[in-house]
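Report on the following structure.
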Amino acid sequence: MATIDRQELDRLERRGLQLTILSSVFVLILASGLATFMYPLVFVHPEGNKWTLRVAFFGFCALTILFLSYLFERQRAFHKLKDQLLAELERNVALQVQASADLLKSMPDLNFFWDRLSMEFRRAQTMEKNLSLLVVKVKRNRKTDSDPNAALSGAVKAMSRKLRPGDSIYRLAEDMFGVVLPETDTLNAKRVAVRLQEELQNVRAHFNCSFDLTAHNYPEHVQSAHELEDIVKSMFPEEVPAPELVPAV
């Protein structure tokens, strides 16, 4: 969504007001000078039908007042339009913030992730299949991040577009996601990571953030569910303690 520079709008409004005042003063000076020259011909030494001259004189004064009123009404309409535009912008931003928060809140968390990972690990072990796990860490610029959820929700939407129906994505921490890829070997998992990075380019450019994707595979990298659990725990941010996970049976 395109952003609007409020300072630029305020500058344009001030410039419009200055032009309105300048135009009004210019028109008022010209009209006053012309009315001054017309007054003796209309009221002191009228030539011809004096009522016709007086109607023309007062008509000219009325037109001048109407023109001045139009100038200030135009400025007032611009101010009202600016306020409506800013109000609509604030409403849209609030809706976007709420939608981002709702999306992240509705995502399955670490408990669901561990249940799914345990189930998929047992299935891969029993059927002698591959199982891959992608861990996505988001690095944001918190100083310039006005909406902390916008970048995360944008990343989730982008990654979801590139996942297969059997894949699943979970929110493991505030800036960390896990993607479970059943029946996927290391090579294909890296290919998926490349596709996700390509899909995240727009999010990266728009929100000035970066994404670190790491792939882990069974049985190439780990031999047990506990090893995979330790990998997940080791990647949590230091300021956030790793949650106590129920070990897989």
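Coordinate-derived values only; no laboratory data. Computed from a prediction, not measured in an experiment: that's the story for all the values here. A quick note on method: Cβ atoms are made from the backbone with ideal geometry, for glycine too, and the neighbour counts reach across all protein chains shown.
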Förster radius 41 Å - calculated FRET efficiency between LEU9 and GLU198, Cβ distance, rounded to 0.05: 0.65
Between ALA151, ALA189, ALA56, where does the largest GNM mean-square fluctuation fall for the chain, given springs only between Cα atoms within less than 10 Å? ALA56
One quarter of the C-alpha convex hull surface, i.e. the mean projected area of segment 6-105 in nm², amounts to 8.2
So what J values fall out for segment 215-227 if you push phi through Karplus, 6.51 cos²θ - 1.76 cosθ + 1.60 with θ = phi - 60°, rounded to Hz, Gly and Pro as x? 10, 9, 10, 10, x, 6, 9, 10, 10, 9, 5, 5, 5
Scan (i) 7, 26, 27, 19, 11, 7, 3, 0; (ii) 6, 21, 19, 12, 8, 8, 7, 7, 5, 4, 2, 0; (iii) 7, 24, 23, 20, 17, 8, 1, 0 for the value of P(r) over Cα pairs in 10 Å bins from 0, in percent calculated from this model and give just the label. (ii)
Could you state the angle between the C-alpha long axis of helix 50-106 and the longest principal axis of the C-alpha atoms of the chain, as a value from 0 to 90 degrees rounded to the nearest 10? 10
Taking the Cα atoms only, what angle lies between the long axis of helix 6-39 and the longest principal axis of the chain, rounded to 10 degrees? 10
So for the pair GLU174, LEU28, with labels modelled 7 Å out along Cα→Cβ, what separation do we get in nm? 5.7
At most 14 other Cβ within 10 Å, DSSP loop - trypsin sites (Lys or Arg not before Pro), segment 77-148: ARG142, LYS143
For a bin width of 5 Å, list the pair-distance distribution of segment 108-234 built from all Cα-Cα distances, rounded to whole %. 2, 11, 22, 23, 19, 12, 7, 3, 1, 0
Could you compute the FRET efficiency for GLU183 and HIS226, with r as their C-beta to C-beta distance and R0 at 25 Å, rounded to 0.05? 0.70
Excluding LEU163 itself, what net charge comes from residues whose Cβ is under 12 Å from its Cβ, given Lys and Arg +1 and Asp and Glu -1? +3
Would you mind putting 6-13, 219-226 in packing order, based on average other-beta-carbon counts within 10 Å, highest first? 219-226, 6-13
What distance in nm separates the simple spin-label points at ARG191 and PHE112, each placed 7 Å from Cα in the Cβ direction? 2.8
Multiply the residue separation of LEU19 and ALA87 by 0.36 nm, subtract the distance between their alpha-carbon atoms, and state the gained length in nm to one decimal. 21.9 nm
For LYS233, put the label point 7 Å out on the Cα→Cβ axis and report which residues of segment 103-129 keep their amide N under 19 Å from it. 110-119, 121-122
Can you give me the C-alpha center-to-center distance between segment 32-106 and segment 154-199, rounded to a whole angstrom? 57
For the chain, what is the calculated [θ] at 222 nm in deg cm²/dmol (nearest 500), taking -39500 (n - 2.57) for each run of four or more DSSP H residues and dividing by its residue count? -21500 deg cm²/dmol
